[in-house]
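Everything on this sheet refers to the single structure shown next.
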Amino acid sequence: MSGIADIRSDFPALDESIYLNVAARGLLSRTTRQALGDLADGHMLGTAVKEDWIEVGGRARASFARIYHAEPDEIAFTKNVSDGLNTIAGAIPWCPGDNMVFCPDFEHPNNVYTWLNLKRREVDVRMVPLRDNALDVDGMIERLDTRTRLLTVSSVSFCTGFRADLKRLGEACRSNGTFFLVDAAQSSGIIDVDVHDCRIDGLATSTSKGLLGLYGQGFLYCDRVWIERLMPAYLSRFGIDAGGIHESEMGPLDYSLYPSARRFEVGNMNWPGIITVDASMKQLIEVGGTVIEEHAVALSKSLSNGFNDLGYPVQEPANEASRSHIVTVGNRVEHGARKTESAYLNRLSEALTRAGVVHSVRRGVLRFATHLYNNDKDIHRVLEIARGFRDMGGPDRD
């Protein structure tokens, strides 16, 4: 098994920077880059064999299932997290008067507009506000009734870094017969989640963040209990159970869908994306999900505590269980993906960037996110820069 310290050297970006931006996108390792290069070489030289790619695809499907403690036949390939969310939204047989529940202020816009789109089908879209800047789990559960077909939530909020109480929401949904759908874009590959223990019915993610892959590739988990109850809105030959014949051959016109999550797959796959994430997931599995989570969350806690000690306005959850690998500094606003409303924090951000600290701004707060390739030295350096700014004037001076 590879260790945390061993794997850091496989990420050349860390030779030049302190990378705390996995909440925006992850890094490619040398190992992963080699897998992508081998694929490109096969195309260039005319030696590519698609059957080999299909074999890698099966391995990637199994690896993602292993990360989430699921089964391979519960996993479908998608383009990204939005594609996965919309796949479920389109497959549920909504009727006028049905409803769904979510908290828009906790979500990325891609897990908002998907559901607002249901209003044209006369679905009651029930929006629960935040309570004290955190997810109101009680409020969401209270909105469930006999017509609630779906409840959705992000495992980790992209703008605060707070975790959702997946298990409690999942148990409430299971008791109510409601489909529980999780947007795992910010947690996949970093936070260890057991879909069955948390009673998660569907989970959508992309591979460009914590799974350390490329844009344009995603995964969808769907509990096998639900698979045959959901009819895909779009269908191609790839979703048809045609008895193992070649993909170019016509199956029966009186067709059957795959009894697995493959029924949701449309058209040919993003093979560069799949082959890349297959290599990166192998590295993640070798280290271990629990190890990665403990490492990343411990680093983020050190960073959060350090910023607090220096007097910076850290957005912190009320309880320890809601911490994640993401730390946010500043006062949250509705808009602001490049600048905060604080001139002082903007200058701090600029200084961090000059020093090679890669981070981002979302909803007007500075956002830092850790992964398995970060270490204590990264955190100490960021806090050293922040301390220098404090000594120059103090976090409360604009």
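Values quoted throughout were computed directly from the atomic coordinates according to the rules given, and no laboratory measurement underlies them. All values reported here derive from a predicted model rather than from experimental measurement. Virtual Cβ from ideal backbone geometry, glycine too; neighbours counted across all protein chains shown.
Numbers for the structure displayed
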| quantity | calculated |
| --- | --- |
| Cα→Cβ-extended label distance, 7 Å offset, between L116 and N308, nm | 3.5 nm |
| I18, I200 arranged by Cβ crowding within 10 Å, fewest neighbours leading | I18, I200 |
| The range 30-285: antiparallel DSSP beta bridges as a percent of all, rounded to 5 | 45 percent |
| Rounded FRET efficiency, nearest 0.05, which uses the C-beta distance separating E16 from D138 and R0 of 45 Å | 0.45 |
| Between helix 271-287 and the chain: long-axis angle, C-alpha atoms, 0 to 90°, nearest 10 | 60 degrees |
| Dimensions (Å) - the range 90-209, Cα atoms, principal axes, largest first | 39, 31, 27 |
| Principal-axis tilt of helix 289-309 within the chain, Cα atoms, nearest 10 degrees | 30 degrees |
| Binned Cα-Cα distance frequencies in the range 1-85 - 5 Å width, integer % | 3, 10, 13, 18, 20, 20, 13, 3, 0 |
| Radius of gyration and maximum dimension Dmax of the chain, Cα, Å | 21.8, 74 |
| Mean ellipticity per residue at 222 nm, deg cm²/dmol - from DSSP H runs of n ≥ 4 across the chain, formula -39500 (n - 2.57) | -11000 deg cm²/dmol |
| D241 paired with V225, simple spin-label distance in nm, labels 7 Å along Cα-to-beta-carbon | 2.0 nm |
| C-alpha long axis of helix 30-45 to longest principal axis of the chain, angle in ° | 40 degrees |
| The chain, relative contact order [Cα under 8 Å, separation at least 6], % | 22 percent |
| Separation of the R131 and A298 label points, Cα + 7 Å toward Cβ, nm | 3.4 nm |
